[in-house]
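The values are calculated or read from the model by the stated rules, or taken from the named source; none is laboratory data. Because the structure is a prediction, the values reported are computed rather than measured. Note: ideal-geometry Cβ built from the backbone for every residue, glycine included; neighbour counts use all protein chains shown.
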């Protein structure tokens, strides 16, 4: 499990700290890479140093991001053959119907709302880690 | 004359017929009387002359033999003619030979009068010689009354009146029967004039042949000046106007052809033209009949509607952006407050005493409550924005589903519920589910402390004969004095400690029912229960508000 990487795309440092804390608390030992806006996320996959970056087991994508929005990042990932099968979980505050619809239309593998209650959030992250890092079989890279 | 023009056409026609008949008969009567007067005299003169000649030839012998008695006898039969007043025979020397008088008062003159005829005060007198061969043997005198003109005119007057009545009896029914045929063109004309829409007829050369007064009004040009001029001259785009009537002549008609009329005052009037050809009895095209409809007001209204719709869309977009921002940005700090409070409790527990732990617990409680408030607020906004569908909705089935779900989540509670089956209304199934869910969840919540809780869903007819659906419970109820606060957003009639909640549920219900064009009301008695009634327009064209 040591070689499994989670890519967290999150601009809010509080949310970043809480997500990392929740992962740690749930004994999810994978490495977590954090990028803090949409452009950085695209650079991770398509930038000049992209080849050095490991392919994430799962991408946790926030929707409201500076520079390039989360949905735009998702659209670009799905447009490229290199990343069109990349598992992407939308992890966001919004439960706007339009966001959920657009997320799935653009090919999100899952849509999870961050609960305000941290206990619930912990539980969500626990299940998320268990599912994507343990149960789910990723496409061959 | 003015009064006459205002009479109905039917009356006018009747008057004209009677007048014409009377004048014709009167003229006929006068000429008959004049002619009769002339011929009557001639005829009387002639008949009296003949009479005189007969007498003259009859008395020749008496004169020659000087036998006045015989002459007297000869004159006697004149009594058969009541018009003859006197008659006499004179000798050649002029002395009275024999005489006849109708009455004793009138006597013929003693001496013979000069020969000839005389008409004096209705009496015609003839004096003529009695000839034997070429020798005059005496003379004859005869005087007769001629009936006066006035007597005859009176008699004719009676005949005239009778003829008048007879002719009217014959002509009036015929005239009335023909009246519609005569009056219809007049009627049609008045209809054309009554129209507020401009009507124009055009001949195959494109010249105006007739217009109504609405056309005069819309162009600012008199009927006389319009007739004979080119139809297309009065539009902002004459070429397009020409094409319009050419199209009518080639295809038979045009519908809603848009043109703009130029008023002499400088105004432009947008119209839609409907035109078709009209033909004579043999089917030959005589011209085009065109009716225009002034759509300036509609166009203005359309622009206004478009402007308002655009404004509304902008407002809606702003509201959506606002909701989106609230949904994303307001909840993130809350999550941080809650998350780090928990982190404090977990990681720094040895530095916190019981009071500190308690306070952090309160921070977390308040944070989570605010999270729920934000969610409810967003839900309320979503209910107002969401697009409505209209379809039959089985309210009974929804209510049963929700009650089963509530029971499943809290299996320890023993609750009796009753749903009237087959209640179907027109509306948006998702919104109505939210409304019924809120009402039943409330009922569920407020009956929590009831020994034998009961929830009922059904329908009844109110005083206006309209269907009202209701959710009834025997729970905590409420004081009707505060009923006006029931449906206000974030308004509560119970404390959070008694019954938790944000006070948005009934506001959501009201918004959903209002969007369906219905009404909602609540009735309650503290400690005995509450009933919430709502109505939904039963057909598809109920007024749907966006409140």
Exercise. In region B:348-361, what residues are within 14 Å of chain A (Cβ to nearest Cβ) and farther than 22 Å from residue B:496 by Cβ?
Worked result: B:348
For this session: For region A:25-46, state whether one or more residues are within 14 Å of chain B (Cβ to nearest Cβ), crowded, with 22+ Cβ neighbours inside 10 Å and not in a helix (DSSP H, G or I).
Result: no
For this session: State yes or no: is residue B:313 more than 14 Å from chain A (Cβ to nearest Cβ), within 60 Å of the chain's Cα centre (by Cα) and surrounded by 12 or more Cβ atoms within 10 Å (Cβ to Cβ)?
Result: no
Seminar exercise, completed: Within region A:8-23, the count of residues that are crowded, with 22+ Cβ neighbours inside 10 Å and under 19 Å from residue A:74 (Cα atoms) comes to 3
For this session: Can you tell me which residue among B:481, B:459, B:489, B:399 is in contact with a helix residue (DSSP H, G or I) (Cβ under 9 Å, 6 or more places away or on another chain), assigned to a helix (DSSP H, G or I) and in the same structural domain as residue B:514 (by TED's automatic domain parsing)?
Result: B:399
For this session: Within region B:414-437, identify whether any single residue is assigned to a helix (DSSP H, G or I) and more than 27 Å from residue B:531 (Cβ to Cβ), and answer yes or no.
Result: no
Seminar exercise, completed: Taking region B:93-122 and keeping only residues that are in a loop (DSSP other than H, G, I, E, B) and within 12 Å of residue B:144 (Cα to Cα), one is left with B:102, B:106, B:108, B:121, B:122
Exercise. Just one of A:73, A:68, A:59 is in a strand (DSSP E or B) and away from every other protein chain (no Cβ under 14 Å); which is it?
Worked result: A:59
Exercise. Filter region B:375-396 for residues that are in a loop (DSSP other than H, G, I, E, B) and away from chain A (no Cβ under 14 Å); which is farthest from residue B:336 (Cα to Cα)?
Worked result: B:390
For this session: For region B:61-77, name all the residues that are in contact (Cβ under 8 Å) with a residue 24 or more places away in the chain and either in a loop (DSSP other than H, G, I, E, B) or under 20 Å from residue B:48 (Cα atoms) (or both).
Result: B:71, B:72, B:74, B:75, B:76
For this session: Would you confirm whether any residue within region B:340-347 is touching a residue at least 60 places away in the same chain (Cβ under 8 Å) and within 11 Å of chain A (Cβ to nearest Cβ)?
Result: no
Seminar exercise, completed: Across region B:437-456, the tally of residues that are over 18 Å from residue B:508 (Cα atoms) and touching a helix residue (DSSP H, G or I) at 6+ places or on another chain (Cβ under 6 Å) stands at 1
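Per-residue answers, yes or no, for (1) part of a helix (DSSP H, G or I); (2) within 14 Å of chain B (Cβ to nearest Cβ):
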residue	(1), (2)
A:95	no, yes
A:108	no, no
A:121	yes, yes
A:125	yes, yes
A:130	yes, no
A:138	no, no
Seminar exercise, completed: Over region B:97-151, the set of residues out of contact with any helix residue (DSSP H, G or I) (no Cβ under 6 Å at 6 or more places or on another chain), more than 15 Å from residue B:45 (Cα to Cα) and surrounded by 21 or more Cβ atoms within 10 Å (Cβ to Cβ) is B:108, B:112, B:139
For this session: Give just the number: which of (1) in contact with a strand residue (DSSP E or B) (Cβ under 8 Å, 6 or more places away or on another chain); (2) over 30 Å from residue B:372 (Cβ atoms) does residue A:63 not satisfy?
Result: (2)
Problem set entry | Every residue from region A:110-119 that is within 12 Å of chain B (Cβ to nearest Cβ) and closer than 23 Å to residue A:5 by Cβ | A:114
Seminar exercise, completed: With criteria (1) in contact with a strand residue (DSSP E or B) (Cβ under 7 Å, 6 or more places away or on another chain); (2) touching a residue at least 24 places away in the same chain (Cβ under 8 Å), residue B:171 comes up short on (1)
For this session: Go over the candidates B:372, B:331, B:364, B:335 one by one and state the one that is touching a residue at least 60 places away in the same chain (Cβ under 8 Å) and within 12 Å of another protein chain (Cβ to nearest Cβ).
Result: B:372
